[in-house]
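Peer 1: Please find one structure pasted underneath; my questions will follow.
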Amino acid sequence: MSCNCCGFEFKSFYGEVYGTSCIEIHHLKPIFQYSGKSNSQTIDEALKNLLPVCPNCHRVIHKNHITAEAIPMFKQQIMLR
């Protein structure tokens, strides 16, 4: 699986032994924003709002408070570099 933002693919870089299952998951909508819902509803909705990202992109997203709406612009900007 590759990073949804920059396209980095762990298995291609690190190989089968070290690169399997290294992707991180970013919550497009933070869990604390699911107020007034049951645990089951929160889990169901949260599972629909996940983005696979590499650790670098994940850190940049959080450090810069990049919202779900701004992710496409972030992706566009880093792909131009």
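The values are calculated or read from the model by the stated rules, or taken from the named source; none is laboratory data. Note that the coordinates shown come from a computational prediction; the quantities given were computed from them, not determined experimentally. As a convention, Cβ positions derive from the backbone with ideal geometry for all residues, glycine included, and neighbour counts pool all protein chains shown. The accessibility values were calculated without ligands, DNA or RNA, using every heavy atom of the protein model including side chains. Shrake-Rupley method; radii C 1.70, N 1.55, O 1.52, S 1.80 Å.
Peer 1: For the chain, what's the radius of gyration and Dmax over Cα atoms, in angstrom?
Peer 2: 14.4, 44
Peer 1: Continuing with the same structure: For the pair Gln33/Met1, report the inter-label distance in nm, with labels modelled 7 Å from Cα in the Cβ direction.
Peer 2: 2.1 nm
Peer 1: May I ask you to give the percent of accessible area on the chain that is carbon plus sulfur, with a probe radius of 1.4 Å?
Peer 2: Using a 1.4 Å probe with all protein chains present, the chain comes out at 56 percent carbon and sulfur.
Peer 1: Tell me the per residue accessible area of the chain using a 1.4 Å probe; a whole number in Å² is fine.
Peer 2: Value returned for the chain: 73 Å² of accessible area per residue.
Peer 1: Could you tell me the calculated FRET efficiency between Ser12 and Thr67, based on Cβ-Cβ distance and R0 = 25 angstrom, to the nearest 0.05?
Peer 2: The value I calculate is 0.25.
Peer 1: Name the lysines eligible as straight-distance cross-link partners of Lys29: C-alpha to C-alpha under 17 Å, and not fewer than 8 places from it in the same chain.
Peer 2: Lys37, Lys48, Lys63
Peer 1: Let me spell out the model: positive unit charges on the Cβ of Lys and Arg, negative unit charges on the Cβ of Asp and Glu, origin at the Cα centre of the chain. What dipole size does that give, in debye rounded to 20?
Peer 2: Using Cβ point charges on Lys, Arg, Asp and Glu, the chain gives about 220 debye.
Peer 1: Now for a different question. At 1.4 Å probe size, put Lys37, Lys63 in order of accessible surface, largest to smallest.
Peer 2: Lys63, Lys37
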